[in-house]
Structures are given as structure tokens and as C-alpha cells.
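Just so you know, all these numbers are worked out from the coordinates, no wet-lab data involved. Keep in mind it's a predicted model, so treat the numbers as computed, not measured. FYI the Cβ positions are ideal-geometry reconstructions off the backbone, even for glycines, and counts take in every protein chain you see.
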């Protein structure tokens with residue numbers, strides 16, 4: 001029996017969460033569908049694709065005026081419509097705001113479109129303006145996938161007429177694969193030996209709130225001089241310069257290491273004592289669950305959205321005002337969004353993050369408990385559950 005063809009659209013295969021999801025989808029769905037990935041640009045390919053792909057060769061350009069951006073979007077829509085007419089896919093799934101807009105417009109009258117809202121910033125964009133493009137996205141999309149239930153509930157409250165077209169699809173992970181990769185040796189074995197290492201993983205960007213983490217780490221160092229902090233993740237925009245200067249200003253330049261992008265972050269996670277997430281907003285933080293699969297305790301800012309839904313059995317609980325011992329990890333108050341690189345300005349959220357980490361460092365029984373609960377929780381986000389749900393969404 002001939003397989004139905006599915007398009008997966010994403011701007012590029014950078015080393016981000018949505019790109020990783022697309023990579024996994026090509027593996028998870030290849031036995032069920034004939035997959036084709038549609039990229040705006042193929043210059044950077046950090047994740048593998050287990051299928052053929054098309055590149056529009058229409059990359060984004062920073063700093064382009066509004067008219068140029070509009071022309072670029074229209075060119076992408078035209079090219080994607082041509083691909084859809086040629087391939088006649090059963091459905092087209094897109095990831096990221098720019099890809100979602102192109103997908104919905106290009107699919108009109110040709111095939112069903114399914115859009116994926118990946119981060120809370122997507123909801124903020126809708127709440128702030130509801131411009132022409134965003135109204136098109138919500139009104140014309142065949143299905144709208146949110147990566148957390150909290151996002152889906154808020155979107156349904158914001159736009160009630162879209163409620164019946166909203167689905168929740170958690171990101172998928174393979175604990176067995178992660179465990180295998182985590183056991184691989186690193187080039188930093190000597191650096192880890194005899195040290196207490198805290199780790200965070202993610203793209204260097206303001207939304208990750210890393211200035212809060214560095215300031216919290218500076219407070220921890222006063223109580224735990226042996227501590228080291230490791231960051232793993234790319235810096236596409238050069239934002240890391242600000243963070244490295246803050247570390248130097250706090251005299252932590254040799255205590256914090258920015259490792260850059262790594263294909264296998266799990267080998268560093270597994271050798272660390274704790275994972276810290278300081279994000280201002282999230283959708284469903286991949287790195288948090290991946291650290292949990294590596295069986296290390298985690299502490300996360302109770303930001304919108306994702307951390308509470310991952311770490312607590314009751315995600316409807318209002319945001320914490322203090323240190324909350326969740327079912328599967330520890331939650332601390334949300335980080336403030338205003339960027340602040342003044343080394344002398346320590347905020348209450350910085351202090352709370354440091355206090356939670358200090359608690360885990362001092363209480364080994366608690367740390368061991370949360371390491372085990374982390375592993376247990378990570379197993380809930382299996383490929384099998386993900387595959388069953390995504391197929392149901394596509395077939396509907």
C-alpha cells in the first residue's frame with residue numbers, strides 16, 4: 001500500500017528545540033508516511049534528516065526593512081505552493097512562526113495545514129497585536145498544535161473559536177538512546193573529576209535569562225567554592241559576549257565555561273550534579289527533560305510555560321512565590337525579563353535560585369530522590385505516545 005506523503009516545514013536545521021523535533025519526526029514517522037522536509041535555508045544542518053528534503057534557498061536576513069521581509073514571505077509562499085502542487089501531500093506540518101505563516105498561506109485550497117506553536121512567545125505575539133498574519137494563522141490553520149497543556153488552555157481562552165482545532169503534543173524523547181549517549185566519554189574528563197558541576201543547556205539568547213543564572217551562581221560560590229558552571233549551546237547572535245563580561249565582572253571567568261554547541265550534550269549532563277533552567281519564557285523545554293533522562297536533579301524557573309507541567313502533577317497551581325518542592329523537581333519563582341548585566345544588582349529571583357541549589361547541594365538524600373524522580377518522569381515522554389498522538393492529529 002502506497003504511503004501518504006507528508007510535508008514538514010521548518011526555516012532551517014539549526015541546533016534548537018523545534019529543529020530537533022523535526023529531526024525526530026523524520027525517524028518516528030518514516031514507517032508510516034513518506035516524509036519530505038521543506039527548509040527555507042540549508043546552510044546549517046545540525047540535525048540529521050531521515051528523508052529527502054527541499055530547500056527554498058530563501059534565508060532570513062537580519063536587519064531587512066519591512067517591505068523586503070514581506071517580499072521574502074511572498075516568495076516563500078509561492079515556492080511552497082509549487083511544491084505542494086507537485087507533491088500533493090496529505091498534510092503539511094510547520095514549526096516556528098515564520099514557517100507557520102508560510103504554511104497556512106501556501107496550503108490554502110490545496111491541502112490541510114497543521115501549525116505548531118513552540119514557545120510562549122507565540123502566545124504573547126497573538127495577545128499583543130493579532131496582526132493580519134497572525135489572524136490568518138489562527139483562522140485558516142486546519143490544526144494548531146501546542147507543546148504544553150497550559151499553552152493550549154490559554155490559547156483557547158484567548159481565541160474561543162479555535163478551541164476545537166487545538167491539540168497538545170508533548171515533545172518526544174528516547175531515554176534509552178539518551179542513556180547510551182550519556183555514557184560516552186567527553187574531552188573534559190579531567191575538568192569534571194573532583195569538581196561539583198552545575199549545568200545548563202540552550203541557545204545563548206536573552207529569553208533564556210542566563211544573566212540571572214550567572215548572578216545566582218556568584219552567590220552559590222560564596223558557600224561552595226568548589227563549584228563550576230557549564231553552559232552547552234550555540235551562540236548565533238553573539239549574545240554570549242555580554243554574559244562572558246558579566247562573568248568576568250563577577251570574577252567568575254575561570255569558574256564558568258561556555259562550551260558552545262555539541263551534538264551530544266547528554267555526556268556533559270550526566271557528569272554534572274544538577275541542571276538549572278533560568279528561562280524567562282519557554283514552551284516545553286527540551287533540555288530540562290533531557291537532563292532528567294540523564295538522572296540528575298533539576299531546578300527550573302516557574303516561567304510560562306512547560307517547567308511546572310513537567311515537574312508538578314498539578315500544572316494549574318498558580319506560579320510559586322518561593323521554593324517549591326515539586327513532584328519531579330524543584331520550582332523557583334519566575335525570572336524577571338528586563339536584561340540586567342550590572343554585577344552589583346542581585347534580584348530576589350536570583351537569590352531564590354541560589355537558595356534552591358544550595359538546598360540540593362547540602363541535602364544529598366534530597367538530591368538522590370529528585371534524580372530518581374527525574375528519570376521516572378522523563379520516561380513519560382516516550383516516542384510511542386508521541387507517535388500515536390501525531391498520527392491521530394494528521395489523520396484528523
Discussion item. So if each residue of separation counts as 0.36 nm, and I subtract the Cα-Cα distance between residue 313 and residue 31, what length gain in nm does that give?
Written reply: 98.2 nm
Worksheet entry | Pairwise centroid distance, computed over Cα atoms, of region 1-34 with region 287-310, Å | 25
Worksheet item: Of 371, 293, 156, which is the most mobile in a GNM of the chain whose springs link Cα atoms less than 10 angstrom apart?
Response: 156
Worksheet item: Taking the Cα atoms only, what angle lies between the long axis of helix 210-223 and the longest principal axis of the chain, rounded to 10 degrees?
Response: 20
Worksheet item: For region 233-294, treating each Cα as an identical point scatterer without solvent, what Debye log10 I(q)/I(0) comes out at q = 0.25, 0.27, 0.30 1/Å?
Response: -1.29, -1.29, -1.27
Worksheet entry | Hydrodynamic radius by Kirkwood, which averages 1/r over all alpha carbon pairs of region 9-167, in angstrom | 16.1
Discussion item. Restricting to Cα pairs below 8 Å that are 6+ residues apart, what does the relative contact order work out to for region 28-124? Please round to a whole percent.
Written reply: 20
Fill in: Fully extended contour minus Cα-Cα distance, from residue 110 to residue 177, at 0.36 nm per residue
20.3 nm
Practice prompt. Determine, at each q value in 0.12, 0.13 (inverse angstroms), the log₁₀ of I(q)/I(0) that the Debye formula gives when each Cα of the chain is one equal point scatterer.
Written response: -0.96, -1.11
Practice prompt. Take the Cα atoms of region 339-396, find their three principal axes, and give me the spread along each one in whole Å, biggest first.
Written response: 55, 35, 12
Response to the item:
Rounded to the nearest 10, the angle in degrees between the Cα long axis of helix 17-28 and the longest principal axis of the Cα atoms of the chain comes to 60
Discussion item. Over the chain, with a Gaussian network built from C-alpha contacts below 10 Å, which listed residue (353, 181, 276) shows the highest mean-square fluctuation?
Written reply: 181
Worksheet item: How big is D, in µm² s⁻¹, for region 252-353 by Stokes-Einstein at 20 °C and 1.002 mPa s if Rh is the Kirkwood radius over C-alpha pairs?
Response: 146
Worksheet item: Summing -39500 (n - 2.57) over the DSSP H runs of n ≥ 4 in the chain and dividing by its residue number, what mean residue ellipticity at 222 nm do you reach, to the nearest 500 deg cm²/dmol?
Response: -13000 deg cm²/dmol
Worksheet, complete the sentence: Relative contact order of region 175-378 (C-alpha contacts under 8 Å, at least 6 apart) in percent is 24
Worksheet item: Three principal axis extents, largest first, for the C-alpha atoms of region 150-274, in Å?
Response: 55, 36, 29
Worksheet entry | Nearest-0.05 FRET efficiency for residue 3 and residue 82, computed from C-beta distance (R0 22 Å) | 0.50
Worksheet item: How far is helix 364-378 tilted, in degrees, relative to the longest principal axis of the Cα atoms in the chain, given as a value from 0 to 90 rounded to the nearest 10?
Response: 10
Worksheet item: Relative contact order (percent) for the chain, with alpha-carbon contacts under 8 angstrom and 6 or more residues of separation?
Response: 14
Worksheet item: If you find the alpha carbon centre of region 147-223 and of region 80-100, how far apart are they in angstrom?
Response: 29
Item to complete: Name the most mobile residue of 151, 45, 188, meaning the one with the largest mean-square fluctuation, in a Gaussian network model of the chain with Cα contacts below 10 Å.
Response: 188
Worksheet item: In µm²/s, what is D for region 30-110 at 37 °C and 0.692 mPa s, where D = kT/(6 pi eta Rh) by Stokes-Einstein and Rh is the Kirkwood radius from Cα pairs?
Response: 241
Worksheet entry | Average projected area [Cα convex hull, region 175-378], square nanometres | 10.4
